[in-house]
Amino acid sequence: MKNVRFFLVSALLAVLVTGCGAEHPAVADTDDASELTRTAFKRALERLEADGVYPDGVHNEGMGFPGMDDRTHYVDQYAILDVDSDGKEELLIQHGDDCMAGMFLDVYGYDTEKSAFCKELSQWPAVTFYDGTAKAQASHNHTSGELFPYELWIYNEEQDRYECQGGVYSMTRDIVEQMEGGTYPEEADRSKTGTVYFLYGPNETMESASPADEQDYLNWESEFFPEDTEVTPEWKNIQVPIYDSHENPA
């Protein structure tokens, strides 16, 4: 196993829908842009439900392991809300009815001038949204720490997409000492919890992150994910057909 390396701590940069089919979101907004967006969302959901084609044009043929059982449909989920707090609604689609490697959560905005969808975020489904930020958990906890590793994503309004600003993971004393050449960083664990936290920035990697105290992590977390700012989508189910390589849907 690789040696544990500790570096200096780096500064981290600082749907309103009721169902499927005939009950896709009604176009009720008086604002022209909102009405166009809602219409585009409705048509995208209808296409997904009928042909298994996602808003970015990607077809679900070959996605995950569609042949692993006798199913003919995935059960996807969707929501429509202003999840990034930019004053416009987004379409969220969560594909979780699959093998772990095939799961994803996508956030789509809609450009009314270009009549085109823009994918703002695509992550493993375990995403928690806040006011302008998102906490995206990894699909696996390879660090074996009590804190499940996650990345920090911040919405860039000019680019109309989320951008990764680093992340965090933790390691306990026993895990560190089990690694070849591993020495637990006592000086970093000021709170004497037996756990150190590794914060890394947008231009860093998990391997280059430095150990930090639990309180340092809690302060960092509260800065980007303050209490009472969580945005909770209202998920609705949609049946998405599964096609194999021999079928060619319209």
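Overview of results
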read-out	value
Exclusive hit being out of contact with any Lys or Arg (no Cβ under 8 Å at 6 or more places or on another chain) and more than 21 Å from MET171 (Cα to Cα), set SER139, SER122	SER122
Of all residues in the range 130-155 being assigned to a strand (DSSP E or B) and open to solvent by less than 20 Å² (accessible area, probe 1.4 Å), the one that is nearest to GLN178 (Cα to Cα)	TYR150
Count of the range 71-107 residues which are closer than 24 Å to LEU36 by Cα, among the hydroxyl-bearing types (Ser, Thr, Tyr) and assigned to a strand (DSSP E or B)	1
Failed item, numbered, when GLN178 is tested on (1) under 28 Å from PHE129 (Cβ atoms); (2) out of contact with any strand residue (DSSP E or B) (no Cβ under 7 Å at 6 or more places or on another chain); (3) of a type in the set (S, T, N, Q)	(1)
Where a residue in the range 196-222 is closer than 18 Å to TYR184 by Cβ and its partner, wherever it lies, is at pLDDT below 90 and of a type outside the set (D, E, K, R), with Cβ under 6 Å and at least six apart	LEU199/LEU12; SER210/PHE6; SER210/PHE7; SER210/LEU8; SER210/VAL9; PRO211/PHE6; ALA212/VAL9
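The values are calculated or read from the model by the stated rules, or taken from the named source; none is laboratory data. Not measured: the values here are computed from a predicted model. Quick reminder, even Gly has a Cβ in these numbers, built from the backbone with ideal geometry, and neighbours come from all protein chains shown. When the accessible area is computed, the model is the full protein with side chains, heavy atoms only, and any ligands, DNA or RNA have been set aside. Shrake-Rupley method; radii C 1.70, N 1.55, O 1.52, S 1.80 Å.
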